[in-house]
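S.K.: Before anything else, here's the structure in question.
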2 protein chains.
Amino acid sequence: MKEHILVVDDDNDILELLEYNLSLVGYDVLGFLNTKHVRRVLSEEKIDLIIMDRNLPDIEGSLYIEMLRSKNITTPVIFLSAKDSQKDIKDGFLRGADDYITKPFDLEELLLRIKAVLGRYKQESKQNLDNLQYNDIKLDLNLHKVFIGDYEIGLTRLETSLLQLLIANKGKVLDRDFLLKHIWKDTQNIHKKTVNVAIKRLKEKIDPGKDKEYIKTIRGVGYLLA
Amino acid sequence: MKEHILVVDDDNDILELLEYNLSLVGYDVLGFLNTKHVRRVLSEEKIDLIIMDRNLPDIEGSLYIEMLRSKNITTPVIFLSAKDSQKDIKDGFLRGADDYITKPFDLEELLLRIKAVLGRYKQESKQNLDNLQYNDIKLDLNLHKVFIGDYEIGLTRLETSLLQLLIANKGKVLDRDFLLKHIWKDTQNIHKKTVNVAIKRLKEKIDPGKDKEYIKTIRGVGYLLA
DNA sequence: TTTAAATGTTTCAGTTTAGTTACAAAGAGG
DNA sequence: CCTCTTTGTAACTAAACTGAAACATTTAAA
């Protein structure tokens, strides 16, 4: 999966330079001239790294990062800065920067530092790959756990497979043959009604009150999560 | 606990400068003029960071790091170098450096970069210390003792390894293959049910009354501490 | 409204998986 | 050597899971 880098710099030339070159080496780049929409983008999109000018017109970069950190946003940050006084570098690091490069910077060095920072955070983000989620149902395949909101529920292996398949295909109707093929690995010797029972049992566990209707029945076809 | 920094530089002046100043700000510093004893020290002592000259008389610093990395030694490394060509910086990063500073370097910047690198690794190294505790179970690996609350219990070697692995991965389900691989170092010639028995024996020792349920069984998968 | 098909629900037994116990081999320490 | 502890295996028991069957309910079309 492509890594997403968010760049904030009020100098349009630098912004374009970075957008062009980072895209060239395979990153997805989102450039911004100010911090106006950064918070929203961070909450809505998967951002792996922030590259930010230390001297933004609307706010001091390091103050902005400090604010992000206080909101528990841990996305790594590399500062760019025309300043190169030790005091500024110190300030940047202290407020939560992961690296610091002074302009004029060498593009290749920046690429290497990006790679280094992303590498360090790779492990953590890796864990989130095996997380499937649908509304307030969270399925953690690493921990073999299922949460409805904050409550953990216990599912059997069959129920887990079923839920996993439903979430992975959320919005699509899965018919009995599809389910039998993918979960029971057998469409011949297994009763079709077995699926009904399995679905019923899953429904009961993820929605004991029967008021959420996560799993919808499409009569004559199959089931879907919607 | 003090963080330990291993410094390798053939320039005795720089070595002394670093030993003096890093000690001053609270690090434990071990200085070496060459790599001769570095491997041994790394295996015998708790080293949190390596600062290494890129141009050592006995070996190229980056080659040495590459060797360490190939031996699965992941201690973070900051390179010092008189060279400042981009090619050299690139080479250093590619071979597993975590940061790169060119001489003459500003001491305060070095301190900040040390702090940044150590900060990133804090989480990981934290686990490896004697932080092995889960609720009222305390595992002291130095004294080879285990306490439940204030009461010491005697565990065998196998039971201790098992408990250690469970605590180090608390909250995660460890399946039989994982346990066999990490504790028995063998997934082929050892019965899978051996794990059941070992877990049963551990359960009995840490919870004789069977009322705490430290170790949970996830049917079809494995066990976890939760 | 009636009817037939589809789906939901409950129950039960066969199967799978884990817990328990006993025992013997391997290891540690004297 | 001898003894005691540890540990792997096997046999047995207990519990959980799951498929099928029987029965109940819902749905949709006539």
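The values are calculated or read from the model by the stated rules, or taken from the named source; none is laboratory data. Not measured: the values here are computed from a predicted model. Here the Cβ positions follow ideal geometry from the backbone for every residue, glycine too, while neighbour counts run over all protein chains shown. Quick note on the areas: whole protein, heavy atoms, side chains included, nothing else; ligands and nucleic acids left out. Shrake-Rupley method; radii C 1.70, N 1.55, O 1.52, S 1.80 Å.
S.K.: So A:V173 ticks every box in (1) more than 30 Å from B:Y223 (Cβ to Cβ); (2) open to solvent by less than 40 Å² (accessible area, probe 1.4 Å); (3) modelled with pLDDT of 90 or more; (4) among the hydrophobic types (A, V, I, L, M, F, W, C) but one. Which box is left unticked?
M.R.: (2)
S.K.: Anything in the stretch A:35-63 that is more than 15 Å from A:H4 (Cβ to Cβ) and either among the basic types (K, R) or modelled with pLDDT of 85 or more (or both)? List them, or say none.
M.R.: Matches in the stretch A:35-63: A:T35, A:K36, A:R39, A:D53, A:R54.
S.K.: So B:Y151 ticks every box in (1) surrounded by 13 or more Cβ atoms within 10 Å (Cβ to Cβ); (2) more than 16 Å from DNA strand D (Cβ to nearest atom) but one. Which box is left unticked?
M.R.: B:Y151 satisfies all of (1) surrounded by 13 or more Cβ atoms within 10 Å (Cβ to Cβ); (2) more than 16 Å from DNA strand D (Cβ to nearest atom) except (1).
S.K.: OK, next. From the list A:D175, A:D211, A:D186, pick out the single residue that is among the acidic types (D, E) and within 22 Å of A:E152 (Cα to Cα).
M.R.: Result: A:D211 is the single residue among A:D175, A:D211, A:D186 that is among the acidic types (D, E) and within 22 Å of A:E152 (Cα to Cα).
S.K.: To continue, here is another question. Return yes when A:L80 is surrounded by 13 or more Cβ atoms within 10 Å (Cβ to Cβ), in the same structural domain as A:D11 (by TED's automatic domain parsing) and under 19 Å from A:L107 (Cα atoms) and no when it is not.
M.R.: yes
S.K.: Follow-up question, since we're still on this one. Going by the structure shown, is B:L132 under 23 Å from the mean Cα position of the chain (by Cα), within 11 Å of DNA strand D (Cβ to nearest atom) and either surrounded by 17 or more Cβ atoms within 10 Å (Cβ to Cβ) or outside the structural domain of B:I47 (by TED's automatic domain parsing) (or both)?
M.R.: Taking the combined requirement at face value, the residue does not satisfy it.
S.K.: Just one of A:I206, A:I199 is open to solvent by less than 50 Å² (accessible area, probe 1.4 Å) and near DNA strand C (Cβ under 7 Å from one of its atoms); which is it?
M.R.: A:I199
S.K.: Return the total of residues in the stretch A:155-196 being within 12 Å of DNA strand C (Cβ to nearest atom) and of a type in the set (K, R).
M.R.: Result for the stretch A:155-196: 4.
S.K.: Out of the stretch B:167-226, which residues are away from DNA strand D (no atom under 12 Å from the Cβ), part of a helix (DSSP H, G or I) and basic (K, R)?
M.R.: Within the stretch B:167-226, B:K181, B:K203 qualify.
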